[in-house]
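Bear in mind these aren't lab numbers, they're just calculated from the coordinates by the rules spelled out. None of the values given here were measured: they were computed from a predicted structure. Note that each Cβ is placed from the backbone with ideal geometry, even for glycine, and that neighbours are counted across all protein chains shown.
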Amino acid sequence: MTDQYQTFAKSPIGKFVIKNLGLPSPIELDRFQVGQPVIQGAVLFGAAPNSRLTASISQVLSNIHADVYAGNNTALQQAAASVGLNVRAFNQGDTASKFKALVFDASGIENAEQLKALYDFFHPVARQIQTSGRVIVVGTSPETASSVAAAIAQRALEGFVKSVGKEFKKGIAAELVYVDQDAQDNIESTLRFLLSPRSAYVSGQVIRVSNATTIEVDWAQPLAGKTAVVTGASRGIGEAIAHVLARDGAHVICLDVPQQQADLERVANEIDGSVLTLDITANDAGEKIKAAAATQGGLDIIVHNAGVTRDKTLANMKPELWDLVININLAANERVNDYLLNNAGLNENGRIICVSSISGIAGNLGQTNYAVSKAGVIGLVKFTAPTLKNGITINAVAPGFIETQMTAAIPFAIREAGRRMNSMSQGGLPVDVAETIAYFASTASTGLNGNVVRVCGQSLLGA
Ligand code: NAD
């Protein structure tokens, strides 16, 4: 699907018109290419006094061979040295340097006054971030903070990150990572994802990392030896998910309805995967998925991507349109999960990843059925997460406006509004959703359970 406005905005005449009319000028976001380092460009690293995550963050920055700078901060320098991270000196007032990412350990902030550490670190360099850059604040999950004042201050970090995401423009994304008291060894997959262009269209998000067994992975092929089922894999977002999971090393079983057989086979052939034609609402869907994965060493990852819209205002909606949407988008996910979890259908460290929508967060005119189903998916993730065992996790992505056949069918004016009303001033690509799913799918992401991450360019809807 093409974004004609973005193409126009890049032309000489387009640049002139857009500048003079004050229209949004979307930049082309950096996207991950195989073989690239995690981050291309320097990282400015800072920490509030008494922060507890500085050594763990340093370890990740060292592992990814980042080019790291820091101001005059003895505690940070000691923490970095303790894990062998080489940190170059950055002098405040050096306005010539540009950074690809600003990373700040805010975990030591214990009260409202100490929030000033955010201002002190970010204010002097607020104009020194490159396009498609990153602002990452790492804090302590408020629920695990040491006092009420500390919990309040940590909760306050959300407002900072969400505002920065709206303010910095130029494709710069801002995120908050909450780390539970005992989860400092579980942050690597999250920091790698957020620092890299894999998270191009993810902004203004709060991700929570919990304590879990850490598992070594080959970061170039984090899904090597894994078997994944992707529902609705014949086109759109599902097709992109199948490609990205296969790129990361998984054997992908591509599932879709029989009518999509030809496209499904094409996708499976492209990635050396296999085909499972199945209506996900069938009573024996869980059984068939388990049987298909059994020939590949059992199932490690299931991505519930299949979904439909049947938009009508509530007054005009026929009951069968309500039933159809709830059944495919929500009830089938529940039935399949129940079958797999109750019948040893998911291997140890298995991953369940659901696809919600910002409609399920904000609601949408003409989408009562769809929004119910997608809000239900968020409930499914939230209430299933604490019940899981054996390193199995469940998380969801909530896409905003993604350029697919689904969004191409939206009437022009509504489509343009959906596309532009976000901090990136553009729609996302199916690959952006797929990269976020691959991050949850990674064996290294056992500390992520019960998260819902929006892939929406920080859409204003439901913000
Ligand atoms: P799409 O219509 O292009 O693809 C959906 C796929 O699901 C199709 O291949 C379809 O055949 C399959 N499918 C439908 N019913 C099925 C069933 N009963 N059993 C098996 N397969 C079935 O849609 P898309 O835009 O790629 O959306 C993928 C997911 O992302 C959906 O869950 C959708 O709700 C969600 N989503 C999309 C957007 C967007 O902007 N495109 C935004 C938010 C959420």
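For ILE253, nonlocal amide neighbours, meaning residues 5 or more places apart or on other chains whose placed amide H falls under 5 Å from its own, are ALA228, VAL229, VAL230, SER274. Using +1 at the C-beta of Lys and Arg and -1 at the C-beta of Asp and Glu, which of ALA282, GLY297, LEU191 has the Cα lying farthest in the positive direction of the dipole of the chain? Final value for the positive-end residue is LEU191. If only the Cβ of Lys and Arg carry +1 and only the Cβ of Asp and Glu carry -1, the dipole of the chain around its Cα centre is close to 1280 debye.
Partners of LYS389 within straight-line reach, counting aspartates and glutamates whose Cα lies under 16 Å from its Cα and excluding those fewer than 8 residues away in the same chain: ASP300, ASP338, GLU348. Legend: ranking of residues VAL355, VAL230, VAL148, VAL397 from fewest to most surrounding C-beta atoms inside 10 Å; resulting order VAL148, VAL355, VAL397, VAL230. Please give the net charge around PHE99, taking every other residue with its beta carbon less than 12 angstrom from that of PHE99, where Lys and Arg add +1 and Asp and Glu add -1. Charge balance near PHE99 sits at +3. Pairs from the table (LYS116/LYS166; LYS318/LYS374; LYS166/LYS226; LYS226/LYS382) lying more than 31 angstrom apart at Cα are LYS166/LYS226.
Seen from ASN347, the other residues with C-beta closer than 15 Å to its C-beta sum to a net charge of +2, counting Lys and Arg as +1 and Asp and Glu as -1. Over the residues of the chain, the helix contribution to mean residue ellipticity at 222 nm works out to -10500 deg cm²/dmol, using -39500 (n - 2.57) for each DSSP H run of at least 4. Each residue of region 180-191 was assigned a 3J(HN,Hα) from its phi angle through the Karplus expression (A = 6.51, B = -1.76, C = 1.60, θ = phi - 60°), giving 4, 3, 9, 10, 4, 8, 10, 8, 5, 5, 5, 5 Hz with x at Gly and Pro. When the Cα positions of ALA224, GLY391, GLY93 are compared along the charge dipole of the chain, GLY93 comes out farthest toward the positive end, with charges on each C-beta of Lys, Arg, Asp and Glu. Put a plus charge on the Cβ of each Lys and Arg, a minus charge on the Cβ of each Asp and Glu, and nothing anywhere else: the dipole of region 31-209 about its Cα centre is then about 760 debye.
Simple point charges give the picture: +1 on the Cβ of Lys and Arg, -1 on the Cβ of Asp and Glu, and for region 227-455 a dipole about the Cα centre of about 620 debye. Backbone amide hydrogens, once placed in the peptide plane, bring SER132 within less than 5 Å of GLY171, ILE172, excluding anything fewer than 5 places away on its chain. Taking a ≥ b ≥ c as the square roots of the eigenvalues of the Cα gyration tensor, region 31-209 is classed as rounded, since a/c falls below 1.5.
Under a 5 Å amide H cut-off, with hydrogens placed 1.01 Å from N, ILE394 pairs with ILE352, GLY450 among residues at least 5 apart or on other chains. The length gained by stretching the chain between VAL148 and LEU460 to full extension, at 0.36 nm per residue less their Cα-Cα distance, is 109.3 nm. Is the shape of region 227-455 rounded, prolate or oblate, going by the alpha carbon gyration tensor and its root eigenvalues a ≥ b ≥ c, with a/c under 1.5 for rounded and a/b larger than b/c for prolate? Because its axes are fairly even, with a/c under 1.5, region 227-455 counts as rounded. As a proxy for reagent exposure, ranking LEU330, LEU324 by other Cβ atoms within 10 Å from fewest up yields LEU324, LEU330.
Placing unit charges on the Cβ atoms of the charged side chains and taking the dipole of the chain about its Cα centre, the candidate lying farthest along the positive direction among ALA240, ALA79, GLY360 is GLY360.
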